[in-house]
Amino acid sequence: MSNHPVPSAYLAGPDVFFPDAKALAATKKAILLQVGITGHFPLDNEIPQDSGQRLEIQSHDIFLQNVALIDRCDIVLANIIPFRGPSLDPGTAWEIGYAHARGIPVICYGTWGTYLERCRHAGLEGPSQGKDINGFLIEDFNQMENLMITRCASLIVESFEEAAAAAAKILLDTQG
(Lines give C-alpha, C1' and ligand atoms only; values in the text may rest on other atoms or scores of the structure.)
Protein backbone atom coordinates (compact mmCIF):
# COMPACT_ATOMS: atom_id res chain seq x y z
CA MET A 1 0.00 0.00 0.00
CA SER A 2 1.30 3.46 -0.90
CA ASN A 3 2.12 6.07 1.73
CA HIS A 4 1.11 8.80 -0.70
CA PRO A 5 -2.32 10.38 -0.41
CA VAL A 6 -4.65 9.95 -3.37
CA PRO A 7 -3.81 12.69 -5.89
CA SER A 8 -6.52 15.15 -6.86
CA ALA A 9 -7.42 17.12 -9.97
CA TYR A 10 -9.38 20.35 -10.39
CA LEU A 11 -11.75 20.19 -13.35
CA ALA A 12 -11.63 23.61 -14.98
CA GLY A 13 -13.77 24.59 -17.93
CA PRO A 14 -17.10 25.95 -19.05
CA ASP A 15 -18.74 22.64 -18.05
CA VAL A 16 -20.31 24.43 -15.05
CA PHE A 17 -22.55 26.32 -17.51
CA PHE A 18 -23.85 23.20 -19.28
CA PRO A 19 -27.42 22.06 -18.55
CA ASP A 20 -26.11 18.64 -17.43
CA ALA A 21 -23.12 20.01 -15.49
CA LYS A 22 -23.40 17.75 -12.44
CA ALA A 23 -23.86 14.58 -14.52
CA LEU A 24 -20.90 15.56 -16.71
CA ALA A 25 -18.79 16.15 -13.60
CA ALA A 26 -19.78 12.74 -12.20
CA THR A 27 -18.72 11.06 -15.45
CA LYS A 28 -15.36 12.84 -15.47
CA LYS A 29 -14.78 12.05 -11.79
CA ALA A 30 -15.48 8.35 -12.49
CA ILE A 31 -12.92 8.36 -15.32
CA LEU A 32 -10.37 9.95 -12.99
CA LEU A 33 -11.04 7.39 -10.25
CA GLN A 34 -10.20 4.64 -12.74
CA VAL A 35 -6.67 6.08 -12.97
CA GLY A 36 -6.34 6.72 -9.23
CA ILE A 37 -7.17 10.43 -9.08
CA THR A 38 -9.94 12.17 -7.15
CA GLY A 39 -11.68 14.83 -9.22
CA HIS A 40 -12.96 18.13 -7.87
CA PHE A 41 -15.50 20.23 -9.78
CA PRO A 42 -16.28 23.91 -9.07
CA LEU A 43 -19.93 23.05 -8.35
CA ASP A 44 -18.72 20.79 -5.50
CA ASN A 45 -18.33 23.98 -3.47
CA GLU A 46 -21.18 24.84 -1.17
CA ILE A 47 -22.30 28.33 -2.02
CA PRO A 48 -25.32 29.52 -0.06
CA GLN A 49 -28.23 30.08 -2.44
CA ASP A 50 -29.83 32.70 -0.20
CA SER A 51 -31.99 34.75 -2.54
CA GLY A 52 -31.41 37.75 -0.30
CA GLN A 53 -27.64 37.57 -0.72
CA ARG A 54 -26.19 40.21 -2.98
CA LEU A 55 -24.74 38.88 -6.21
CA GLU A 56 -21.44 40.61 -5.44
CA ILE A 57 -21.08 38.64 -2.21
CA GLN A 58 -22.12 35.39 -3.87
CA SER A 59 -19.64 35.86 -6.74
CA HIS A 60 -16.88 36.63 -4.23
CA ASP A 61 -17.69 33.41 -2.33
CA ILE A 62 -17.55 31.39 -5.57
CA PHE A 63 -14.20 32.96 -6.46
CA LEU A 64 -12.65 32.25 -3.04
CA GLN A 65 -13.91 28.68 -2.91
CA ASN A 66 -12.69 27.88 -6.44
CA VAL A 67 -9.26 29.33 -5.65
CA ALA A 68 -9.10 27.22 -2.47
CA LEU A 69 -10.14 24.14 -4.44
CA ILE A 70 -7.39 24.70 -7.03
CA ASP A 71 -4.87 25.21 -4.20
CA ARG A 72 -5.80 21.80 -2.71
CA CYS A 73 -5.33 19.93 -5.98
CA ASP A 74 -2.21 18.35 -7.46
CA ILE A 75 -3.10 19.03 -11.09
CA VAL A 76 -5.63 20.95 -13.20
CA LEU A 77 -7.44 19.43 -16.17
CA ALA A 78 -8.79 22.31 -18.24
CA ASN A 79 -11.49 22.00 -20.88
CA ILE A 80 -10.49 24.60 -23.48
CA ILE A 81 -13.24 24.01 -26.02
CA PRO A 82 -14.19 27.14 -27.92
CA PHE A 83 -16.86 28.74 -25.75
CA ARG A 84 -19.00 31.67 -26.87
CA GLY A 85 -16.49 32.38 -29.63
CA PRO A 86 -13.32 30.88 -31.14
CA SER A 87 -11.43 30.80 -27.84
CA LEU A 88 -11.76 29.19 -24.44
CA ASP A 89 -13.91 30.40 -21.54
CA PRO A 90 -12.26 33.42 -19.82
CA GLY A 91 -12.75 31.96 -16.33
CA THR A 92 -10.95 28.80 -17.44
CA ALA A 93 -8.12 30.94 -18.85
CA TRP A 94 -7.75 32.59 -15.44
CA GLU A 95 -7.74 29.21 -13.66
CA ILE A 96 -5.03 27.94 -16.03
CA GLY A 97 -2.85 30.99 -15.37
CA TYR A 98 -3.43 30.82 -11.63
CA ALA A 99 -2.53 27.14 -11.44
CA HIS A 100 0.58 27.73 -13.55
CA ALA A 101 1.67 30.57 -11.28
CA ARG A 102 1.22 28.29 -8.25
CA GLY A 103 3.36 25.57 -9.87
CA ILE A 104 0.40 23.22 -10.37
CA PRO A 105 0.65 21.26 -13.64
CA VAL A 106 -2.10 21.95 -16.18
CA ILE A 107 -3.33 19.62 -18.89
CA CYS A 108 -5.63 21.21 -21.46
CA TYR A 109 -8.04 19.29 -23.67
CA GLY A 110 -11.01 19.61 -25.97
CA THR A 111 -10.17 22.08 -28.69
CA TRP A 112 -9.66 21.63 -32.43
CA GLY A 113 -7.40 23.21 -35.03
CA THR A 114 -5.35 26.31 -34.46
CA TYR A 115 -6.66 29.54 -33.01
CA LEU A 116 -6.40 31.20 -36.44
CA GLU A 117 -8.34 28.33 -38.07
CA ARG A 118 -11.14 28.71 -35.51
CA CYS A 119 -11.26 32.48 -36.10
CA ARG A 120 -11.55 31.84 -39.84
CA HIS A 121 -14.25 29.23 -39.29
CA ALA A 122 -16.20 31.72 -37.14
CA GLY A 123 -16.01 34.32 -39.92
CA LEU A 124 -13.87 36.67 -37.86
CA GLU A 125 -11.08 37.09 -40.41
CA GLY A 126 -11.43 40.21 -42.50
CA PRO A 127 -10.34 40.87 -46.09
CA SER A 128 -6.67 41.00 -45.03
CA GLN A 129 -5.34 37.53 -44.32
CA GLY A 130 -4.44 37.05 -40.64
CA LYS A 131 -6.35 40.14 -39.52
CA ASP A 132 -9.84 40.50 -38.12
CA ILE A 133 -12.61 42.62 -39.59
CA ASN A 134 -11.26 45.65 -37.71
CA GLY A 135 -7.76 45.17 -39.15
CA PHE A 136 -6.32 43.81 -35.88
CA LEU A 137 -3.82 40.98 -36.11
CA ILE A 138 -5.14 37.51 -35.23
CA GLU A 139 -2.47 35.70 -33.22
CA ASP A 140 -0.95 32.93 -35.35
CA PHE A 141 1.77 30.85 -33.74
CA ASN A 142 0.20 27.70 -35.24
CA GLN A 143 -1.01 26.76 -31.75
CA MET A 144 -4.35 25.51 -30.47
CA GLU A 145 -4.97 28.57 -28.31
CA ASN A 146 -3.44 31.92 -27.39
CA LEU A 147 0.27 31.51 -26.61
CA MET A 148 -0.26 32.60 -23.00
CA ILE A 149 -2.48 29.54 -22.52
CA THR A 150 -0.39 27.06 -24.48
CA ARG A 151 2.76 28.09 -22.60
CA CYS A 152 1.02 27.47 -19.25
CA ALA A 153 -0.04 23.97 -20.25
CA SER A 154 2.14 20.98 -19.43
CA LEU A 155 0.32 19.22 -22.25
CA ILE A 156 -2.60 19.76 -24.64
CA VAL A 157 -4.56 16.70 -25.76
CA GLU A 158 -7.81 16.13 -27.63
CA SER A 159 -10.01 14.30 -25.11
CA PHE A 160 -10.72 14.20 -21.40
CA GLU A 161 -9.76 10.51 -21.34
CA GLU A 162 -6.32 11.38 -22.74
CA ALA A 163 -6.00 14.17 -20.17
CA ALA A 164 -6.87 11.78 -17.32
CA ALA A 165 -4.30 9.21 -18.47
CA ALA A 166 -1.63 11.91 -18.85
CA ALA A 167 -2.47 13.32 -15.41
CA ALA A 168 -2.02 9.88 -13.85
CA LYS A 169 1.38 9.53 -15.52
CA ILE A 170 2.52 13.01 -14.44
CA LEU A 171 1.37 12.46 -10.85
CA LEU A 172 2.94 8.99 -10.65
CA ASP A 173 6.23 10.38 -11.97
CA THR A 174 6.25 13.15 -9.35
CA GLN A 175 5.34 10.79 -6.49
CA GLY A 176 8.19 8.54 -7.51
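The values are calculated or read from the model by the stated rules, or taken from the named source; none is laboratory data. Everything quoted here is computed from the prediction, not taken from an experiment. We place every Cβ from the backbone using ideal geometry, glycine too, and count neighbours over all the protein chains shown.
Data overview
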{"item": "Candidate set: region 138-167, residues that are outside any loop (DSSP other than H, G, I, E, B) and of a type in the set (Val, Ile, Thr); chosen: the one surrounded by the most Cβ atoms within 10 Å (Cβ to Cβ)", "result": "Ile149"}
{"item": "So Ile107, is it closer than 30 Å to Ala68 by Cβ and in a strand (DSSP E or B)", "result": "yes"}
{"item": "Hey, Leu24 aliphatic (A, V, I, L, M), assigned to a helix (DSSP H, G or I) and modelled with pLDDT of 95 or more or not", "result": "yes"}
{"item": "Qualifying residues in region 85-117 (those that are charged (D, E, K, R) and touching a residue at least 12 places away in the same chain (Cβ under 8 Å)) - the one nearest to Ile62 (Cα to Cα)", "result": "Glu95"}
{"item": "Sole exception among (1) surrounded by 16 or more Cβ atoms within 10 Å (Cβ to Cβ); (2) modelled with pLDDT under 95 for Asp173, by number", "result": "(1)"}
{"item": "Residues within region 118-127 that are surrounded by fewer than 16 Cβ atoms within 10 Å (Cβ to Cβ) and either in contact (Cβ under 8 Å) with a residue 12 or more places away in the chain or within 21 Å of the chain's Cα centre (by Cα) (or both), tallied", "result": "2"}
{"item": "Residue identified as assigned to a helix (DSSP H, G or I), at pLDDT below 95 and within 20 Å of Glu46 (Cα to Cα) among Ile62, Ile70", "result": "Ile62"}
{"item": "Residue satisfying condition, being buried (at least 21 other Cβ atoms within 10 Å of the Cβ), at positive phi and under 16 Å from the mean Cα position of the chain (by Cα), within set Gly13, Gly103", "result": "Gly13"}
{"item": "Count of region 32-47 residues which are part of a helix (DSSP H, G or I) and surrounded by fewer than 17 Cβ atoms within 10 Å (Cβ to Cβ)", "result": "4"}
{"item": "Given (1) surrounded by 13 or more Cβ atoms within 10 Å (Cβ to Cβ); (2) at pLDDT 95 or above; (3) of a type in the set (Gly, Ala, Ser), number of the condition Gly130 does not satisfy", "result": "(2)"}
